[in-house]
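The values are calculated or read from the model by the stated rules, or taken from the named source; none is laboratory data. Given the structure is predicted, the values throughout are model-derived calculations rather than measurements. Every residue, glycine among them, receives a Cβ derived from its backbone with ideal geometry; neighbour counts consider all protein chains shown.
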Amino acid sequence: MSDRAQALTSLVAERWPDAPAFFERVRSELSPAPGVGFRAAFASGPRRLGAAAQSPVLAPGSFSELARPHWSLTDYTRAALIALALEHVPLAEQPAFVLQLFEAGESGEQVSVLRTLSLLPSPDRFVEVGLQACRANALDVFVAMVAENSFLAFHFPPLNFNQAVMKAIFQGVSVRRIEGLEARITPELRRMAAGYASERRAAGRPVPADVDYITQYGA
Amino acid sequence: MLFDPHIHMTSRTTDDYQAMAAAGIRAIVEPAFWLGQPRTHVGSFEDYFLSLLGWERFRASQFGIRHLCTMGLNPKEANNARVADGVLELLRLYVEKDGVVAVGEIGYDDVTPTEEKYFAAQIELAKDAGLPILIHTPHRDKKRGTERTLALVKESGIAPEFTLVDHNNEETLASVLDSGCWAGHSIYPATKMDEQRMVTLVKQYGAERMLINSAADWGVSDPLKVPKTAQAMREAGIAEAAIDQICWKNPLNFFAQSGRFDAKAFDESLAVDQRQLFEGNSVLRGQAPRTDAV
């Protein structure tokens, strides 16, 4: 088992007595490749956590830089499942595997995938999942990608990062919740924000304060 | 008589159809677009295209409304290469179907290179099929997105009179009209364009090549925005002839360029016969069927 899978399954097991039996059953579904049985466990597993499912988890030292306080035990359990599954997926197929988990997931599954993207090995490879998430209309899914998530600023290409910031403004998600935003404010992003302000004024509508934050940052 | 040239009726109810008919809407165009969440298989697109041509056209007819549609790969889903190529191949077939009056909605959303590739490919598809195009302009970075749209249209060689650029606002309209393209406006409850702003634009720019639509879909939107905006124009003193041009003649003439329907026939009301069935299905649930004398 990889160090990451070991650490995640242990973290869950410390908080959920049924975890060893659950992970054991999931492991039996992973060979030769994680299929429908695994995906069913991914969907339903966290539900078996009962009352603990949404409880926040104080991340141990090994995750403290990557984990965020709002991650629930559900998110950790799903991250553990992905870590276990990836050991049975060839390296070249891993991005498509995680993308399918995301696309075929209901919103709770999608949120867990997005929050914990940074825990995946070489997370850059999974940027397509993040890009798809930013096309979602479901607010909780979009928020999981853009707010309190280090993945966005670390791994999104400039065009997609700028679009995600503008969409956050459209959706009323404060850009102050975007980690690493300031380091990625560019003349192009300022131009887009200023263009939006101009459009709002022409329509006789108020300009969100977040627009000014971007256009004036560092000015 | 009113024409809503952009409305997604698959997301709406029969109550909407009844209210639209009562408010004077006699014809609609339903552009193919996305369903609120991305499709993960090409086959989902095919069944959707078939429903636009089949069940939805039938439903509309049961309320005296003529239903036409456009076929296209919308820009949001164009970003998904795993379905986009398959859908483009399907479109070669579906643009040839009766009742298809344009290729659309196509255009930019995030303004990515991938979107541009499928946008350009679908303009070529429209040229081959002799169809006009219906272009969606982006919500974000709208002005720049519209400028790039007009540049791409020009470069493609499709005639501007075959091009309808939709979702305009105060900052995009002048350049669209200057380009020779037709200009659509989506009248929404809170975003895009509203009735009073539209009145102002009509007073400033006139009625030529101007269209309005509700763009009603599965989100907060209002399928009666065309009649409501027509009324707002009337109350603001805009001439009846201009209102008729914007709300009936312009959409009719634009889509008639497809050669796929008889525009003259649209002057006559569509007779309703609710005794009819579509593949065994009726829109009625025990009500007495309405039948008009033909």
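Worth pointing out:
- The set of residues in the range A:196-219 that are within 15 Å of A:Asn162 (Cβ to Cβ) and not in a helix (DSSP H, G or I) contains only A:Tyr217.
- Answer from B:Leu134, B:Leu152, B:Leu90 - the residue that is surrounded by fewer than 19 Cβ atoms within 10 Å (Cβ to Cβ) and touching a residue at least 40 places away in the same chain (Cβ under 8 Å): B:Leu90
- Residue in the range B:177-189 that is in contact (Cβ under 8 Å) with a residue 60 or more places away in the chain, more than 14 Å from chain A (Cβ to nearest Cβ) and among the hydrophobic types (A, V, I, L, M, F, W, C) present: yes
- The range A:180-195 - residue that is more than 14 Å from chain B (Cβ to nearest Cβ) and not in a helix (DSSP H, G or I) and, of those, surrounded by the fewest Cβ atoms within 10 Å (Cβ to Cβ): A:Gly180
- Exactly one residue out of A:Ala104, A:Ala79, A:Ala13 is surrounded by 14 or more Cβ atoms within 10 Å (Cβ to Cβ) and in contact (Cβ under 8 Å) with a residue 40 or more places away in the chain, and it is A:Ala79.
- Every test in (1) within 12 Å of the chain's Cα centre (by Cα); (2) part of a helix (DSSP H, G or I); (3) surrounded by fewer than 18 Cβ atoms within 10 Å (Cβ to Cβ) is passed by A:Glu148 save one, and that test is (2).
- Matching residues in the range B:57-80 - criterion: being among the polar types (S, T, N, Q) and not in a loop (DSSP other than H, G, I, E, B): B:Ser61, B:Thr70
- Flag if A:Asn137 is in contact with an Asp or Glu (Cβ under 8 Å, 6 or more places away or on another chain), of a type outside the set (Ser, Thr, Tyr) and within 14 Å of chain B (Cβ to nearest Cβ): no
- Enumeration of residues in the range A:155-179 that are more than 9 Å from chain B (Cβ to nearest Cβ), surrounded by fewer than 16 Cβ atoms within 10 Å (Cβ to Cβ) and either under 20 Å from A:Gln132 (Cα atoms) or modelled with pLDDT under 95 (or both): A:Pro157, A:Pro158, A:Gln171, A:Gly172, A:Arg177
- Summed over the range A:115-145, residues that are assigned to a helix (DSSP H, G or I), more than 17 Å from B:Asn79 (Cβ to Cβ) and either touching a helix residue (DSSP H, G or I) at 6+ places or on another chain (Cβ under 7 Å) or charged (D, E, K, R) (or both) total 10.
- Selection count, the range A:12-22, where residues are within 17 Å of A:Gly61 (Cβ to Cβ) and more than 19 Å from the chain's Cα centre (by Cα): 2
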